[in-house]
Amino acid sequence: MSKLIAASTPAWQMRGNPHVWMPYAQMQTLPLPVPVVRTEGVYWELADGRRLLDGIASWWTACHGYNHPAIVAAVAKQLETMPHIMFAGAHHEPACRLAASLAAILPGDLDYVFFSDSGSVAIEIAMKMALQYWRNIGQAARTRFLSFHDAYHGDTTGAMSICDPVDSMHANFAGILLPQLSHAVPTTRELQQQFEKVVANNRNELAAVVIEPLVQGAGGMRFHEPDVVAQISHVCQKYDVLLIADEVATGFGRTGSMFACQQCEIVPDIICLGKGLTGGVLGMAATVATKRIYDAFLSDDPACALQHGPTYMANPLACAAANASLELFQQEPRLKQVAHIEQILRQELAPCRDITGVVDVRCRGAIGVVQVAAMHDLQRVRQRFVEQGIWARPFRDIFYLTPAFVMSESELLRLCHIMVQTIKEWSAW
Ligand SMILES: *Cc1c(COP(=O)(O)O)cnc(C)c1O
């Protein structure tokens with residue numbers, strides 16, 4: 001056990017630490033997590049009074065920064081009125097407003113919104129929608145999914161089956177997962193032809209192709225161009241295979257447009273939203289389908305109905321936060337801010353190209369990635385960021401920044417400066 005308990009460790013952390021099981025963490029060697037007592041704007045405040053500039057907006061969620069007064073007020077008001085009711089058989093204004101707003105801003109006829117509580121569950125629901133769509137129209141043999149190398153779609157069992165089969169965090173479960181198809185993202189002519197062949201050959205079994213459009217997230221932060229996604233969509237239409245866009249990470253402005261699909265000029269059959277949906281305030285996700293999908297569930301047969309219903313579905317507090325967040329996107333120049341962040345990230349991270357061990361630097365929207373040949377000293381480098389007053393979480397072969405869209409230029413410059421300096425240091429270790 002190498003968990004250093006510093007003199008400043010708060011009593012609540014001493015008491016809870018032995019009992020709290022942390023995510024993606026080897027608990028035997030995990031350093032003591034930072035004790036956070038407050039957030040404000042783009043900062044975390046630690047128990048000893050230090051502040052950390054958050055470079056990754058709490059896993060891409062807090063796009064308006066923390067404690068945005070508009071979201072805080074909306075949630076507080078909702079808390080007093082109605083914190084939660086079950087959704088079966090009941091409507092409430094926050095959910096109805098949110099569904100209508102999402103339908104209005106999503107491309108094409110992505111108009112039918114099914115709420116859930118996390119991105120992984122939104123993916124499970126999308127998979128079930130696709131499976132049941134085919135069953136409902138008499139093609140029950142369409143049971144396989146095709147996803148891409150370096151994909152990450154979540155941690156639940158269905159979602160794990162469509163993550164990168166070799167290089168995901170889920171290799172331990174390889175033997176028990178549903179057998180699916182996996183293909184390289186078709187970024188070259190040759191790969192496009194291969195991809196089309198695989199879809200054509202498996203068209204009678206394939207329920208859907210699943211893609212994180214433009215930016216693959218936790219599977220390695222790989223980027224591809226809009227025309228690659230457009231081509232995938234074209235092949236899906238040609239062979240009548242459904243397309244599921246996992247925009248849990250890319251949705252809500254992160255790649256420069258409200259949704260990545262808009263840059264690709266495609267309308268997937270199903271889209272999954274999460275992370276930024278509530279502005280990082282409450283856990284919530286949505287799976288949104290086109291009319292074609294929705295209509296296949298309309299029937300005199302009760303068994304044709306979508307068989308899903310999370311207990312906390314459409315939680316009114318989360319809906320209120322999401323409604324306030326969507327209003328902020330309209331009232332404040334978020335997409336302009338993202339474009340400006342992209343410029344600064346490009347300019348400031350570019351010097352990383354000259355650091356030994358760095359193999360690529362890439363930016364898209366409010367996402368900056370520095371890829372290295374091989375990561376080492378991961379815990380030590382994370383610690384170095386904290387010592388210098390920033391919060392960043394390098395993983396795999398990736399250093400990355402996904403700041404809040406409201407971060408000021410001077411804060412962003414400081415963030416990038418520390419990132420570059422720290423990668424330089426790390427490179428010499
Ligand atoms: C984070 C993420 C998920 C899973 O969302 P959770 O809310 O963590 O379950 C799924 N897909 C993508 C692309 C993600 O980035």
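A few remarks follow.
- Verdict on Val361 being without any contact (Cβ under 8 Å) to a residue 40 or more places away in the chain, of a type in the set (Val, Ile, Thr), under 30 Å from Gln262 (Cβ atoms) and surrounded by 14 or more Cβ atoms within 10 Å (Cβ to Cβ): yes
- Candidate set from the stretch 282-292 (those that are more than 14 Å from the ligand (Cβ to nearest atom) and surrounded by fewer than 24 Cβ atoms within 10 Å (Cβ to Cβ)); member that is nearest to Leu110 (Cα to Cα): Thr290
- The lone exception for Pro403 - which of (1) surrounded by fewer than 21 Cβ atoms within 10 Å (Cβ to Cβ); (2) within 30 Å of Val166 (Cα to Cα) it fails: (1)
- The residues of the stretch 51-85 that are within 26 Å of the chain's Cα centre (by Cα) and assigned to a loop (DSSP other than H, G, I, E, B), listed by number, are Gly55, Ile56, Thr61, Ala62, Cys63, His64, Gly65, Asn67, His68, Pro83, His84.
- In the stretch 215-251, the qualifying residues are those that are within 12 Å of the ligand (Cβ to nearest atom) and at positive phi, and the one that is surrounded by the fewest Cβ atoms within 10 Å (Cβ to Cβ) is Gly220.
- The stretch 336-360, residues that are out of contact with any helix residue (DSSP H, G or I) (no Cβ under 8 Å at 6 or more places or on another chain) and hydrophobic (A, V, I, L, M, F, W, C): Val338, Ala339, Ala350, Val359
- Listed by first and then second residue, the pairs linking a residue in the stretch 270-281 that is within 15 Å of Leu243 (Cβ to Cβ) and within 11 Å of the ligand (Cβ to nearest atom) to a residue that is modelled with pLDDT of 95 or more and of a type in the set (S, T, N, Q), with Cβ atoms under 8 Å apart and 6 or more places separating them unless they lie on different chains, are Cys272/Thr287.
- Considering the stretch 28-50, and only residues there that are under 25 Å from the mean Cα position of the chain (by Cα) and not in a strand (DSSP E or B), the residue that is modelled with the lowest pLDDT turns out to be Leu30.
- Of the residues screened, Leu102 is not one that is closer than 24 Å to Leu206 by Cα, modelled with pLDDT of 95 or more and more than 16 Å from the ligand (Cβ to nearest atom).
- Considering residues of the stretch 249-280 that are small (Gly, Ala, Ser) and not in a loop (DSSP other than H, G, I, E, B) only, the residue farthest from the chain's Cα centre (by Cα): Ala260
- The stretch 316-346 - residue that is more than 20 Å from the chain's Cα centre (by Cα) and either in a loop (DSSP other than H, G, I, E, B) or among the aromatic types (Phe, Trp, Tyr) (or both) and, of those, surrounded by the fewest Cβ atoms within 10 Å (Cβ to Cβ): Pro333
- For the stretch 192-214, the set of residues classified as surrounded by fewer than 17 Cβ atoms within 10 Å (Cβ to Cβ) and either in a loop (DSSP other than H, G, I, E, B) or out of contact with any helix residue (DSSP H, G or I) (no Cβ under 9 Å at 6 or more places or on another chain) (or both) consists of Gln193, Gln194, Lys197, Asn201, Asn202, Arg203, Asn204, Glu205, listed by residue number.
- Single condition Glu205 does not satisfy, out of (1) within 12 Å of the ligand (Cβ to nearest atom); (2) of a type outside the set (A, V, I, L, M, F, W, C); (3) in contact (Cβ under 8 Å) with a residue 60 or more places away in the chain: (1)
- The set of residues in the stretch 128-167 that are in a loop (DSSP other than H, G, I, E, B) and within 15 Å of the ligand (Cβ to nearest atom) comprises His149, Asp150, Ala151, Tyr152, His153, Gly154, Asp155, Thr156, Ile162, Cys163, Asp164.
- Test: residue in the stretch 125-132 that is touching a residue at least 60 places away in the same chain (Cβ under 8 Å), buried (at least 17 other Cβ atoms within 10 Å of the Cβ), closer than 30 Å to Cys96 by Cα and touching a Pro at 6+ places or on another chain (Cβ under 9 Å): yes
- Met82 being in contact with a His (Cβ under 7 Å, 6 or more places away or on another chain) and more than 19 Å from Gly276 (Cα to Cα): yes
- In the stretch 178-191, the residues that are within 16 Å of the ligand (Cβ to nearest atom) and in a loop (DSSP other than H, G, I, E, B): Gln180, Val185
The values are calculated or read from the model by the stated rules, or taken from the named source; none is laboratory data. Because the structure is a prediction, the values reported are computed rather than measured. Heads up, the Cβs are rebuilt from the backbone with ideal geometry, glycines too, and the neighbour counts pull from every protein chain shown.
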